[in-house]
Structure formats: C-alpha cells, structure tokens
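Notes to accompany the following structure.
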Amino acid sequence: MEKTGNPNIFTKFIKSFTDFRVYNRIRSESLGKSFLYLILLSLIIGVVFSIVIVSKTNDSIDSTIEFLESDDMPNITVSNGILDIDMDKPLIVSQDNEFIFIVDMTSEYDLNDLVGYSIGYLVTPERIIISQAGSPPMPLEFKALSDFNINKESVLDMIQKFRGIVVGIIIFITIAGTILFNLFASLLLSVMGTISNSILNANLSYSELYKIGIYALTLPAIIILILNCFGIGIAFAWKILIYLVISTIIITMALKNIIQNNNNNPTIDNNNDSYYN
C-alpha cells in the first residue's frame, strides 16, 4: 500500500479521542512536537476562555455604567480608609444569575450574597469585593487610597480606565493559568500512564507515555472549557479529577491498541504501522 505522511496537528486533535490508533504514530513523534501541541492546545483553550470572561466582564461594567448614567449619583467620600455614600438603604442591581452589584453602607450584605452569580461586586465602607464564579474573591481595600471626593464623571472615567486594566489582567492570567494547569496535568498523567503501562505490560518508555498523556488531555480540556463557557464553576480538585479519569481511560485504550497493533504486526516498525499505510 502507498504510505502517507504523519497526521497533522488537526488530525491528531480530533483523533486523540475518536480513534485510538493515532497513538501508534504519536508515541514515535519527537517530544518537542508533542510539547508544542500541549502549548498550542493550552493557548487556544486559554484564548477562548479569556474571550468569554472578558465578554461577561464588559457586560457587567456596561451595566454599571448604564446604572450610573441613569440615576442621580449621591455624594461619595473616602476618609481614613472608610467609604461614605449618602444613601439610606443598600442598592442592588442584578441581571439573572450573570451579574449582581451591591452597594451596602449598613453591613447588611456580605460575600455570601454574591454566590450563584457569574460576576458580583459588593461595595462596603471598608472595601470593594469582586467575585467571579470558580475563582477566589478579590478585595480592594479603601485604606490603600488617599482621602478624596468624587462625582459621577470621575467615577465613569475611573471605571473606563479600570476596564482596560481588568481586561489585560484577565487575558494574561487565564492564558498563563491554562498553560501551567495543563503542564501540571501532563505530569500527573505521565504517572497514570506509567501505572497503566505496568499493568498492561505495554513496555513503552516514559517519553512515549508522556507524549501519549499530552494528547489524552485534549478531550477533558474541551469539556472543562465548555463548562466554563456556560458559567458552570468547577473547583480545582474536580477539574483534576475530570482530567485524570477521562485521560486515564484514553491512555488505557491507546496502550491496548498499541499492544494489539504490535501483536498483529510484530515485524513492522511503529513508524510505518498499517493504519497509516
């Protein structure tokens, strides 16, 4: 039969969880090529997720701006690290389960009131708390600010400047975090691959197992991305569990296919296996 070249990155992306025969090729490619795939996969996942987060953040900021522009803004001062807003009762602006903005000078509300929303803001006399589903809350203390008086125009200007900074931070943290997480997951999967290799007597090297583990990350990475895009926050421990369970199953199926391929073609070099010839 006529031979074909190595499968390209897009073919391996799809076949990494739809056709386990591709791992007969993956095990033989260079470690650098597999590592590049891991970085590219992480970049794509990180960029897509950061776009989703930035979109939701912009929507929440636009809602805040719209609110400030449509109502008379009370006098606001910060003195000795304490915020004071001339208002008689807490102010709450919410949008379904996506966004909530609370201004409370009475200590009636706390961080628990932001739970269940994709993005939430709680303004108290001491601090502003920013909450995002799946991430730890971020407090901004007023004691770090100098005493000042502000009006509607200065608040709107500050929000617009704040928007650019937040967007930049979100993009950087999301992409960098995705890369680091997948690097960590690939190391865990190399351990799981070593265990599966021993149980199945596949006799693969650690380098081959690490490369197989990298491509086995594809499906769980896609699943986690979809869940995040739909605003389903998942704890770090559950993400690790999803990665380990799904990827270990894929690694096991890949090793079984490699063993079967070697048994059926004992004299054929792995780089020229029958599937690609």
Inspect all residues belonging to the range 69-76 and state whether any of them is at pLDDT 80 or above and either over 21 Å from the mean Cα position of the chain (by Cα) or not basic (Lys, Arg) (or both). no
Hits in the range 225-277 (condition: modelled with pLDDT under 80, more than 18 Å from the chain's Cα centre (by Cα) and among the β-branched types (Val, Ile, Thr)): Thr267, Ile268
Need at least 2 residues that are closer than 30 Å to Val78 by Cα and not hydrophobic (A, V, I, L, M, F, W, C) per element, so show me which helices (runs of 4 or more DSSP H) inside the range 128-234 make the cut, counting only ones lying wholly within it. 152-200
With respect to the numbered conditions (1) aliphatic (A, V, I, L, M); (2) at pLDDT 90 or above; (3) more than 16 Å from Asn257 (Cβ to Cβ), which one is the sole condition not fulfilled by Ile9? (2)
I need a count of the residues in the range 190-223 that are open to solvent by less than 10 Å² (accessible area, probe 1.4 Å), in contact (Cβ under 8 Å) with a residue 60 or more places away in the chain and not small (Gly, Ala, Ser). 5
Under 11 Å from the mean Cα position of the chain (by Cα), closer than 27 Å to Ser131 by Cα and in contact (Cβ under 8 Å) with a residue 12 or more places away in the chain: does that describe Ile175? yes
Single residue of the range 126-174 satisfying the filter (closer than 21 Å to Ala235 by Cβ, touching a Ser or Thr at 6+ places or on another chain (Cβ under 8 Å) and surrounded by 14 or more Cβ atoms within 10 Å (Cβ to Cβ)) that is modelled with the highest pLDDT: Thr174
Residue pairs qualifying under the 6 Å Cβ cut-off, at least six apart or on distinct chains, with the first in the range 255-266 being in contact (Cβ under 8 Å) with a residue 40 or more places away in the chain and the second being open to solvent by 30 Å² or more (accessible area, probe 1.4 Å), are Leu255/Leu200; Asn257/Phe20; Asn257/Arg21
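The values are calculated or read from the model by the stated rules, or taken from the named source; none is laboratory data. Fair warning: this is a prediction, and the values are worked out from it, not measured in the lab. As a convention, Cβ positions derive from the backbone with ideal geometry for all residues, glycine included, and neighbour counts pool all protein chains shown. For accessibility, only protein heavy atoms count, side chains too; no ligands or nucleic acids. Shrake-Rupley method; radii C 1.70, N 1.55, O 1.52, S 1.80 Å.
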